[in-house]
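Written below as structure tokens is the structure these notes are about.
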Amino acid sequence: MSLTDRINAGIKDAMKQKDEARKRTLRAVKAQLLLLKTSGSGEEITEDQEIKLLQKMVKERQDSYEIYSKQNRDDLAGPEKEEMDIIKEFLPQQMSEEELAVAIKAIVEQVGASSMKDMGKVMGMANKQFAGKADGKTISMLVKGLLS
């Protein structure tokens, strides 16, 4: 089942259950997917592009949530957190930090990285290998920790 089909089924369920937050969030995702499909490139969108779109939407909401929380605007932070959690349901299962650390150690050994100068090589491979499964900020933090 494609992401679009899963989103449409989710919207239908949200309408039946009268879940306004879920319906609003899934409609926003559907709109972004539609914009991506009609971008004029003439190509079919790939699963990687869909995952990147969902990650971007989660990141936007995460940033907004943090700003609203710092300003003590719980009335605005709540919906952002709610939307973020709903979108995350459609992303692949995220790797734990322990799994990620083990995998990054293997990449460091494979590349032969020994100092911070080699961080670019490690990050390139790690980002490609863990696309959609781990946050770039977490990957960067672990790579810095291993190489310093």
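Computed over the chain, the quotient of the alpha carbon radius of gyration and 2.2 N^0.38 Å is 1.24. The peptide list 23-29, 70-76, 107-113, put in order of mean Cβ contacts within 10 Å with the highest first, becomes 23-29, 107-113, 70-76.
Measuring only protein heavy atoms, the 1.4 Å probe finds PHE130 accessible over about 10 Å². Short to long, the 5 Å bins of the Cα pair-distance histogram for region 9-66 hold 4, 17, 21, 22, 19, 13, 4, 1 percent of all pairs.
Please list MET119, MET141, MET1 in order of solvent-accessible area, largest first, computed with a 1.4 Å probe with all protein chains present. All intermediate terms of the calculation are to be shown ahead of the outcome.
On the way: MET119 35, MET141 105, MET1 170 Å².
Listed by decreasing accessible area, they come as MET1, MET141, MET119.
Note on ALA21 and LYS56: the model spin-label points, each 7 Å out from Cα along the C-beta direction, lie 2.6 nm apart. Charged side chains reduced to their Cβ positions (Lys and Arg at +1, Asp and Glu at -1) give region 23-94 a dipole of some 200 debye around its Cα centre. If you take the Cα centroid of region 11-50 and the Cα centroid of region 62-86, the two points sit 21 Å apart. In a simple Cβ point-charge model (Lys, Arg +1; Asp, Glu -1; nothing else charged), the chain has a dipole of about 240 debye relative to its Cα centre.
To the nearest 10, the accessible area of LYS137 is 140 Å² with a 1.4 Å probe.
Could you work out what % of the accessible surface of the chain is carbon and sulfur, using a 1.4 angstrom probe and leaving DNA, RNA and ligands out of the count?
Details: 4860 of 9600 Å².
Solvent-exposed carbon and sulfur of the chain make up 51 percent of the total.
Under a Gaussian network description of the chain, with springs only between Cα atoms under 10 Å, the residue in GLU89, GLU80, GLU98 that fluctuates furthest is GLU98. Shape annotation for region 38-119: C-alpha extents along the principal axes are 49, 42, 24 Å, from largest to smallest.
The values are calculated or read from the model by the stated rules, or taken from the named source; none is laboratory data. Fair warning: this is a prediction, and the values are worked out from it, not measured in the lab. Cβ coordinates were reconstructed from backbone atoms using ideal geometry, including for glycine residues, and neighbour counts include every protein chain displayed. The protein model used for the area step is the full one, side chains on, heavy atoms only, and it has no ligands, DNA or RNA in it. Shrake-Rupley method; radii C 1.70, N 1.55, O 1.52, S 1.80 Å.
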